[in-house]
Amino acid sequence: MSDQTRFILTEADLPKYWYNINADSPVAPTPVLHPGTMEPVTPEFLSVLFPMELILQEISTERYIQIPDEVREIYKLYRPTPLMRARRLEKALGTPAHIYYKNESVSPAGSHKPNTAIAQAFYNKAGGTKALTTETGAGQWGSALALACSFFDLALEVYMVRVSYDQKPYRRILMESFGAQVHASPTDRTNFGRSVLAEDPESPGSLGIAISEAVEAAATSGGAKKYSLGSVLNHVLLHQTVIGEEALKQMDMAGEYPDVVIGCVGGGSNFSGIAYPFLRGNLKDGRRTRLLAVEPTAAPSLTKGVYAFDYGDTARMAPIVKMHTLGHDFVPPRIHAGGLRYHGMAPSLCALYEAGHIEAVAVNQKATFEAAIAFARAEGIVPAPESAHAIRAAIDEALEAKARGEKRVVLFNLSGHGNFDMSAYEAYLNGRLEDYEYPADAVKEAMAGLPQVSIAA
Ligand SMILES: Cc1ncc(COP(=O)(O)O)c(C=O)c1O
């Protein structure tokens, strides 16, 4: 084994296919239900929101789906992304573990999100869409879609969660620089936004509310606008598998194979993107890599949420899916600075978690930022607060290996950089962050609002 630090693929190594876990998953996909009738959705219903090609990907069971040349050409602006051996972090921790990270922060928007934004913009353009609507929390997804829409000459309307809109003006300006229109959600532009503001004019907003607004704006546009989602759905997870496909080749270059693959989870897309190609190794090649999803204790959908059918949004307009949920009315506490605030989780990931193929852990925010700072000081990249959850777990794995005196190969996904997240870092560095655990009672209470679904799944 050499003392190499960066493992770099050439443009020719850029994957030609996305990997669809639904071809190999040992758990059957659960049905997606219409929010009104609670019967399985039809392609006609979905086609109000999405172009047909993405609907077909959503339900596909084909193992490999070809990446269109136009998408690969744009991927070449930043892909293949580097795989790094975090040698300086290993040294700082004094661990015998080998820590690798896939650096998705090198994309022009600063995160993994363009992997699907570019694909979604491409399929929308090809399907005749002129304008898209979407929501964004911290602004990473909105920036990625704004970038992709500018490449494909599509208009974009972004509903940005109010608390982030106020805390992160530079993300908004980035989106506007790419030509998007950005609104602080809840807005007075939609029926649902107006109803939330009537009840609470100071509402900080939530991802669930912003999704409702973006869905309403598309659904009531008379076909002028379609809607785009940055996580949770199968086609989004599919597009993110370029991360894991590249990482497999790069781990091979490093002459190692990970014992554990780690990613943070909001809706589940960057974790699935790095983990599913390794899960294929477990399912088909007898590998035994542990796959660890990391979430905040303030929004612990996998570890504390209930596995049930729930609406994808607060206004109950988006389809109902089976997932680990904190309830569609979930509003994260204002004190939470680390992102990953969605009330649910990708259905395929939840089903695999239930069946024991994936592990999950929740981490508190002070420990998360402590890990972020340790990583920044060793490796020179200030991570996105979201990615810092994965770093916390990677450091914990490395420290456990040290305590046990064993070698362990740890791979995590650095899903983004935190250069626009300085208000969160400032709060941490000035001692203003508090740990917060979402109460189990609140989850129990929220379950009264779940849809009464009769379908067996
Ligand atoms: C940098 C970064 N990492 C991770 C996430 C979590 O999303 P997902 O679970 O879909 O990867 C987000 C969400 O906005 C993000 O911006």
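Every read-out reported here was derived from the displayed coordinates using simple, explicitly stated rules and does not represent laboratory data. Predicted, not measured: the structure shown is a model, and the values here were computed from it. Cβ sites come from the backbone with ideal geometry, for glycine too, and all protein chains shown count toward neighbours.
From the residues Ser143, Ile391, Leu93, which one has its Cα farthest along the dipole of the chain in the positive direction, the dipole being from +1 and -1 charges on Cβ of Lys/Arg and Asp/Glu about the Cα centre? Highest projection toward the positive end goes to Leu93. Put a dot 7 Å past the Cα of Lys249, heading toward its Cβ, do the same for Asp435, and the two dots end up 4.3 nm apart.
Determine, from the Cβ-Cβ distance of Ala126 and Asn419 and an R0 of 30 Å, the FRET efficiency 1/(1 + (r/R0)^6), rounded to the nearest 0.05. Each step should come with its number before you reach the end.
Working: r = 33 Å, r/R0 = 1.09.
After rounding to 0.05, the efficiency reads 0.35.
What translational D, rounded to a whole number of µm²/s, comes out for the chain from Stokes-Einstein when the hydrodynamic radius is the Kirkwood one over Cα pairs, at 10 °C and 1.306 mPa s? Could you put the intermediate results ahead of the total?
Numbers: Rh = 21.7 Å.
Result for D is 73 µm²/s.
Does segment 244-369 come out rounded, prolate or oblate, given a ≥ b ≥ c as the square roots of the eigenvalues of its C-alpha gyration tensor, rounded meaning a/c under 1.5 and, failing that, prolate meaning a/b above b/c? Don't skip to the answer; put the middle values down first.
Values: a/c = 2.44, a/b = 1.63, b/c = 1.50.
Since a/c reaches 1.5 and a/b is larger than b/c, the shape of segment 244-369 is classed as prolate.
Close amide H partners of Ile262, meaning residues 5 or more places away or on another chain with modelled amide H under 5 Å apart, are Leu292, Leu411, Phe412, Asn413.
Tyr17 to Tyr257: FRET efficiency via 1/(1 + (r/R0)^6), r the Cβ-Cβ distance, R0 30 Å, to the nearest 0.05?
Working: r = 21 Å, r/R0 = 0.70.
Taking R0 as 30 Å, the efficiency between Tyr17 and Tyr257 is 0.90.
Taking amide H as placed 1.01 Å from N in the peptide plane, Ser185 has its amide H under 5 Å from the amide H of Met160, Val161, Arg162, each at least 5 places away in sequence or on another chain. Distance between the modelled labels on Arg6 and Arg194, one decimal in nanometres: 5.4 nm (7 Å Cα→Cβ projection). When the P(r) is computed for segment 1-55, the part past 17 Å accounts for 67% of the Cα-Cα pairs. Shown for Cys264, Cys350: other C-beta atoms within 10 Å of each C-beta, ranked fewest to most, produce the order Cys350, Cys264. Report the relative contact order of segment 1-120, percent, no decimals, based on alpha-carbon pairs under 8 angstrom and at least 6 residues apart. The value is 31 percent.
As a check on your grasp of the helix formula, calculate [θ] at 222 nm for the chain: sum -39500 (n - 2.57) over DSSP H runs of n ≥ 4, divide by the residue count, round to the nearest 500.
Only helices count here, giving -12000 deg cm²/dmol.
Between Arg334 and Asp166, the contour length at 0.36 nm per residue exceeds the alpha carbon distance by 59.3 nm. Database remark: amide H of Glu135 closer than 5 angstrom to the amide H of Tyr159 (H placed geometrically; neighbours at sequence offset of 5 or more, or on other chains; Pro and chain starts carry no H). The ranking of Asp24, Asp69 by Cβ neighbour count inside 10 Å, starting from the fewest, reads Asp69, Asp24. Remark: segment 372-384, residue by residue, has Karplus-estimated 3J(HN,Hα) of 4, 5, 4, 5, 4, 6, 8, 9, x, 10, 7, x, 4 Hz, where x stands for each Gly or Pro and the curve is 6.51 cos²θ - 1.76 cosθ + 1.60 at θ = phi - 60°. In a solvent-free Debye calculation with one equal scatterer on each Cα, what is log10 I(q)/I(0) for segment 301-457 at q = 0.17 Å⁻¹, listed in the order of the q values? For segment 301-457 at q = 0.17 Å⁻¹, log10 I(q)/I(0) is -1.09. Going from the fewest other Cβ atoms within 10 Å to the most, the residues Lys130, Lys444 appear in the order Lys444, Lys130. What lysines could a cross-link reach from Lys130, if we take a straight Cα to Cα line under 18 Å and drop same-chain neighbours fewer than 8 places away? Counting by Cα, and skipping residues close in sequence, Lys130 has these lysines nearby: Lys225, Lys226.
Hey, what did segment 140-239 get for relative contact order, percent, Cα under 8 Å, at least 6 apart? Please report the intermediate quantities before stating the final value.
Numbers: 117 pairs, mean separation 24.2, N = 100.
Relative contact order comes out at 24 percent.
Residue by residue, segment 312-329 carries 3J(HN,Hα) couplings of x, 9, 6, 7, 6, 9, 7, x, 8, 10, 8, 7, 6, 9, 9, x, 6, 8 Hz when phi is fed to the Karplus relation 6.51 cos²θ - 1.76 cosθ + 1.60 (θ = phi - 60°); x denotes Gly or Pro.
Distance between the pseudo-spin-label points of Glu400 and Ser150 (7 Å out from Cα toward the beta carbon): 4.3 nm.
Hey, what did the chain get for relative contact order, percent, Cα under 8 Å, at least 6 apart? Before the final figure, lay out the partial values.
On the way: 1009 pairs, mean separation 89.8, N = 457.
Relative contact order comes out at 20 percent.
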